[in-house]
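*Asks:* The structure that follows is given in the form of structure tokens.
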Amino acid sequence: MTQTSAVPLPPPEERRRLREAGALTQAQVAERVGVSRETVRAWESGRTAPRGRRRDAYAQLLWSIADKTGSQEPEEVHDMTALQYLAESTATAPGPPPERPAESRLTPAQAFDALYAFCAPALVRQTFLLTGRRELARESVERAFQNAWQRWPEVARDRDPAGWVRAAAYEFALSPWHRFRPRYRHPEPPPSDAFDRALLDVLLQLPPPQRRTLVLYDGVGLDLPETAAETEASTRAAAKRLMNARTAVAARLPDLSDPSALHRRLAELASTERLRAAKPMVVRDGSERRARFWTRAAIAFTVALIGTTALTLRTAPTHYEPRVPPGSTVRGVPPRMAPGPLSEKERELREKLRKQMQSGPERLLPQVT
């Protein structure tokens, strides 16, 4: 019979989110638990499960992060049905998880606020590494969560809600249309540290696909298949992008040729900037206002289209009227000639006709008998 540990362990997809919410790297978690970074990455991906004392230490560390990050509503951390928290780890407690009573489940707004509280702070820092702009990072995260709230039934049932929001935020942050916005034409103040400025410059000089792959793999801590899936590329293409990005960074900054050193510096650069996300209620209200605006715009456009169609049907002809062909020049008519001088014979004929009677010759006149 398997012995169940007293400390529940979140599922693999929640372990990574808890670590990101606590602004910890995989190396820092590995040092606290007493394992290697590859072991922590395997735990977060679900390939292996912690056991024994290391499992208890790992679970206590994760729940301590949850208590710190969820200080506004700490009672909701242990009751997040929408975020798929389990009462016991499936690796140590066989059988289906116990069902929670209906009255203890969170409402959609509470589940959304809990997801936002866990993911938004770390996601803003990650987006800053992609763009180098603080305001754009906050706007990208807010826009991603607004889209998530509009599609909350779909996002709540997703296997990785944080990954869904992260992909939406990265897509908005890396959009090329931001260069045409007046507020983003001028660069923002760089970080105060010289090494951080150099690292951020190198990141911004990378192509967007390589930059995104580098941040996901060495910054967030995803493995290569997850990085390839989130960037919509094959594993081979993601590995090539990662190698090219690391080579470019090492060429400019030789101290970061080691992947562990690069991972640490990325985490430090993201943690140095004091970036705060908006309140969950503000994001939800903004999402609802945006939805109402587009709904009214769609209704107005539909009404205008219906009115235009009705006016066209009212004024349109009921039968076909052929077009009047354009005029053409009549050809073959002889040119008009002016009368010339009369000949001698023509003059004699004219004089003879003038001397005769106007009524004609006598043989044409009726005779009285």
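*Asks:* Cβ-Cβ distance below 8 Å, separation of 6 or more or different chains: which pairs start in the stretch 199-218 with a residue that is in contact (Cβ under 8 Å) with a residue 24 or more places away in the chain and end on one that is of a type in the set (Asp, Glu)?
*Replies:* Tyr217/Asp223
*Asks:* Another question, if that's okay. Give, as residue ranges, the helices (runs of 4 or more DSSP H) completely inside the stretch 202-271 that count at least 1 residues that are modelled with pLDDT of 90 or more, at positive phi and open to solvent by less than 60 Å² (accessible area, probe 1.4 Å). Full working, then the answer.
*Replies:* Working: elements: 208-214, 224-230, 235-252.
In the stretch 202-271, there are no helices (runs of 4 or more DSSP H) which contain 1 or more residues that are modelled with pLDDT of 90 or more, at positive phi and open to solvent by less than 60 Å² (accessible area, probe 1.4 Å).
*Asks:* Would you call Gly163 out of contact with any His (no Cβ under 7 Å at 6 or more places or on another chain) and at positive phi?
*Replies:* Details: out of contact with any His (no Cβ under 7 Å at 6 or more places or on another chain): yes; at positive phi: no.
Against the criterion (out of contact with any His (no Cβ under 7 Å at 6 or more places or on another chain) and at positive phi), Gly163 does not qualify.
*Asks:* Where residues in the stretch 272-303 are assigned to a helix (DSSP H, G or I) and under 30 Å from Gln26 (Cα atoms), which of them is least open to solvent (accessible area, probe 1.4 Å)?
*Replies:* Here is the first cut: in the stretch 272-303, the ones assigned to a helix (DSSP H, G or I) are 272, 280-303.
If we keep only those that are under 30 Å from Gln26 (Cα atoms) as well, we get 272, 280, 283.
Values: Thr272: 74, Pro280: 24, Val283: 3 Å².
Ranking the candidates gives Val283 first.
*Asks:* Does the stretch 342-369 hold any residues that are among the hydrophobic types (A, V, I, L, M, F, W, C), outside any loop (DSSP other than H, G, I, E, B) and either modelled with pLDDT of 85 or more or open to solvent by less than 100 Å² (accessible area, probe 1.4 Å) (or both), and which are they?
*Replies:* Step one: filter the stretch 342-369 for residues among the hydrophobic types (A, V, I, L, M, F, W, C), giving 342, 349, 353, 357, 364-365, 368.
With outside any loop (DSSP other than H, G, I, E, B) added as a condition, the list becomes 349, 353, 364.
Result: Leu349, single match.
*Asks:* Name the pairs whose Cβ atoms lie under 7 Å apart, with the first residue in the stretch 18-32 and within 19 Å of Arg276 (Cα to Cα), the second assigned to a loop (DSSP other than H, G, I, E, B), and 6 or more positions between them or separate chains?
*Replies:* These pairs meet every condition: Leu18/Pro10.
The values are calculated or read from the model by the stated rules, or taken from the named source; none is laboratory data. Every value quoted in this text rests on a predicted model; they were computed, and no experiment measured them. Heads up, the Cβs are rebuilt from the backbone with ideal geometry, glycines too, and the neighbour counts pull from every protein chain shown. The protein model used for the area step is the full one, side chains on, heavy atoms only, and it has no ligands, DNA or RNA in it. Shrake-Rupley method; radii C 1.70, N 1.55, O 1.52, S 1.80 Å.
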